[in-house]
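A short worksheet on the structure shown next.
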Amino acid sequence: MRDIKDTKSIGARINTVLTYVVMIFFTVMAIYPLLWLVMNSFKTTTEFQMNKLGFPKEWVLVNYQDAWVRGKFPRLILNSFIYTGVTTVATLVFSFMAAFAFAKIPNRSTKYLHGSFVIGLLLTLQSIMVPLFLIINWVGLYNTSLGVLIPYIGIAMPMGIYLGTEFIKSIPDALVESARIDGATYWKIFISIIVPMAAPVAVTVAIMTVTGTWNEFMLINILTSSDALKSLPVGVQKFAGALSSDFGKQFAALVIGLVPMLVFYLSFRKEITKGVAAGAVKG
Amino acid sequence: MPKVHTLADAKREQRRAYWTLVLPGFLIYISVMAFPTVFSVILSLTDYNGGRLFGGKPVSFVGFKWYGRLFVDEYFYLALKNNLWIVLVSVFGQIPLGFFLAYVLHRGLVRYGDFFQTMIYLPTVISTVVIGILWKSFFAPYGAFPELMRLFNPSYEYGISSHPLFPVLFVILWMYTGMYMIIFIANLQKIDGSVIEAAKIDGASEGQTLRYIILPALSGVLVVSAILAISGSLKSFDLIYVMTGGGPANRTTVLSIYMFDKAFKGAPNYPLANAISTVMVLISFSLIGLTKWVEHKFGGKE
């Protein structure tokens, strides 16, 4: 292989250079708008109007200080952490419990129950939006955090069930059976055998639930109206979206809205991309 | 001593364990997804318009009245047309581009592949809301886009665009291409590398390897990606809601925004909104069915 590479023809070299040019072009396209945003969040609005493309002449932090306080960001970030944390933990627990039962406890209902979850993968938020709004109002959960959390958990369930069941099926039946013969209850088997073994797929489900819940915007927007319950995306939209001339502050608010997911992505890059690939199996 | 005494005991314990494990999740799922979906279809056939859901004003069935109303509304067709544009950009833009990027990265045609991959996927993970406002400001008359254009063409004047959907389509392409890239990379990795090596030793060119080994192996994934792109495109809401709100003058509206406006803006018309969402689900399912049919008809082995 080595000598083939060394005797590359001029054509091949041009190809390589072109490939680099194209890849660099796409990379610049992907990150330039984000860099532009960050750069401009450090300019005063007056400077932005005169200098829209260049670096700030003077890097100021005043936009961040303003946006942080006036946009009530501490509250929004806390809320988003609560919604995402509770939804993710509850989704994992409930979906893996059911997935274990579907995969390892024989029952005639499994075909229908599991099937109904799989159909859920194809359902869209749009088709449940209005009914959910009416139902949540009817049961008195409008404008409560529970009224947001229950739908979030239900929406995340199908993927958890689907991936969980597939994975737990691949665990040998003999492990469960021998534990049964030793007198272990199904609960004990679930906690001490299934949960530790299913950890890798649980990470995938957790990551998908975290990204989905953290970025969710449409449902929480219609199921709540109080400031105290807003999530980060809703808060950013209400605050930054309304600033049509105070660009510095708007950009700072957007950067604050962007940072948590950026940190999450850079920390769990490998797991996130694995999750995307796993999620694409559906269909 | 075994804990289970008789077969009947064992069966009973098994059944009890099954239902305690399944029910919590199933009840939540049924109440927030399955039931509302059915409820939505039912609502679309009634004249319910606000007020108490049960025990309030009597609600009567009006048949397909709202569907009839929908099919004579010009905004429905406008929204549908915009949705189809998004489907086209997704299927014929995101997927080929994503495939190209995945191919270059997977075959190791460039160094620092990991860096390229991380950067190109980055836009996908950021909140749509942040992305939407960012691009709205970027494309705005006072934003960077007119300025950038003037670098290349000093006489560029910002005018009201005759194609207001263009920026939206561009941002959709920008945001989600990385997702297809990742899907393709994951599936390229599943192809047995020795087959490709063997073909190379036998003198196959890069193009031939692609045509006769890689593409056939990926046909199943291409179909799944097309399905994801179609259903994703029909669902698109957040980005457009934030970027344009469907405006100017409803020119960039899509079905989900059209539905949202009917249900939550001004006087609510819940049955009509649910008729729209039912039609959306039907379109989505038929396009997915069509994709599967095309796959079945024109080969492509999984």
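On the given criteria, is residue B:18 more than 9 Å from every other protein chain (Cβ to nearest Cβ), out of contact with any Cys (no Cβ under 7 Å at 6 or more places or on another chain) and at pLDDT 85 or above? No: the conditions fail for residue B:18. When the test is whether a residue is assigned to a loop (DSSP other than H, G, I, E, B), touching a residue at least 60 places away in the same chain (Cβ under 8 Å) and either within 14 Å of chain A (Cβ to nearest Cβ) or not charged (D, E, K, R) (or both), residue B:63 does not pass it.
Only residues that are within 30 Å of residue A:278 (Cα to Cα) and assigned to a loop (DSSP other than H, G, I, E, B): list them for segment A:204-227, please. Result: A:216, A:217.
Kindly provide the set of residues from segment A:45-56 that are open to solvent by 50 Å² or more (accessible area, probe 1.4 Å) and more than 10 Å from every other protein chain (Cβ to nearest Cβ), ordered by number. Once the filter is applied, which keeps residues that are open to solvent by 50 Å² or more (accessible area, probe 1.4 Å) and more than 10 Å from every other protein chain (Cβ to nearest Cβ), segment A:45-56 yields A:46, A:50, A:55. Test residue A:196 against the criterion of being of a type outside the set (S, T, N, Q), more than 8 Å from chain B (Cβ to nearest Cβ) and in a helix (DSSP H, G or I), and give yes or no. So residue A:196 fits the description; yes. The set of residues in segment B:102-137 that are of a type in the set (D, E, K, R) and over 20 Å from residue B:175 (Cβ atoms) comprises B:107, B:111, B:114. Checking B:93, B:50 one by one, the residue that is within 11 Å of chain A (Cβ to nearest Cβ), open to solvent by less than 30 Å² (accessible area, probe 1.4 Å) and of a type outside the set (D, E, K, R) is B:50 and no other. Restricting the search to helices (runs of 4 or more DSSP H) fully inside segment A:228-283 and requiring at least 3 residues that are within 9 Å of chain B (Cβ to nearest Cβ) and closer than 16 Å to residue A:210 by Cβ gives A:247-267, A:269-279.
This table checks each residue for (1) farther than 30 Å from residue A:232 by Cα; (2) of a type in the set (A, V, I, L, M); (3) more than 12 Å from every other protein chain (Cβ to nearest Cβ); (4) open to solvent by 30 Å² or more (accessible area, probe 1.4 Å).
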| residue | (1), (2), (3), (4) |
| --- | --- |
| A:27 | no, no, no, no |
| A:62 | no, yes, yes, yes |
| A:65 | no, no, yes, yes |
| A:85 | no, no, yes, yes |
| A:96 | no, no, no, no |
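Close Cβ contacts (under 6 Å, 6 or more residues apart or on different chains) running from residues in segment A:200-222 that are within 10 Å of chain B (Cβ to nearest Cβ) to residues that are hydroxyl-bearing (Ser, Thr, Tyr) and not in a helix (DSSP H, G or I) comprise A:215/B:127. Residues of segment B:257-271 that are among the aliphatic types (A, V, I, L, M) and either modelled with pLDDT of 90 or more or assigned to a helix (DSSP H, G or I) (or both): B:257, B:259, B:263.
For segment A:115-153, filtering for residues that are at pLDDT 95 or above and facing another protein chain (nearest Cβ under 7 Å) leaves 3.
Matching residues to (1) free of Cβ contacts under 8 Å to residues at least 60 places away in the same chain; (2) open to solvent by less than 50 Å² (accessible area, probe 1.4 Å); (3) closer than 30 Å to residue A:31 by Cβ; (4) acidic (Asp, Glu):
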residue	(1), (2), (3), (4)
B:74	yes, no, no, yes
B:83	no, yes, yes, no
B:103	no, yes, yes, no
B:122	yes, yes, yes, no
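Of the residues B:218, B:210, the single one that is more than 10 Å from chain A (Cβ to nearest Cβ), open to solvent by 40 Å² or more (accessible area, probe 1.4 Å) and assigned to a helix (DSSP H, G or I) is B:210. Evaluating residue B:129 against the criteria (1) of a type outside the set (Lys, Arg); (2) in contact with a Leu (Cβ under 7 Å, 6 or more places away or on another chain); (3) within 8 Å of another protein chain (Cβ to nearest Cβ) leaves one unmet condition, (2).
The values are calculated or read from the model by the stated rules, or taken from the named source; none is laboratory data. Worth saying up front: this structure is predicted, and the values here are computed from it rather than measured. Every residue, glycine as well, gets a Cβ built from its backbone with ideal geometry; the counts of neighbours run over all protein chains shown. Each accessible area value is taken on the protein alone, full model and side chains, heavy atoms only, with ligands, DNA and RNA left out. Shrake-Rupley method; radii C 1.70, N 1.55, O 1.52, S 1.80 Å.
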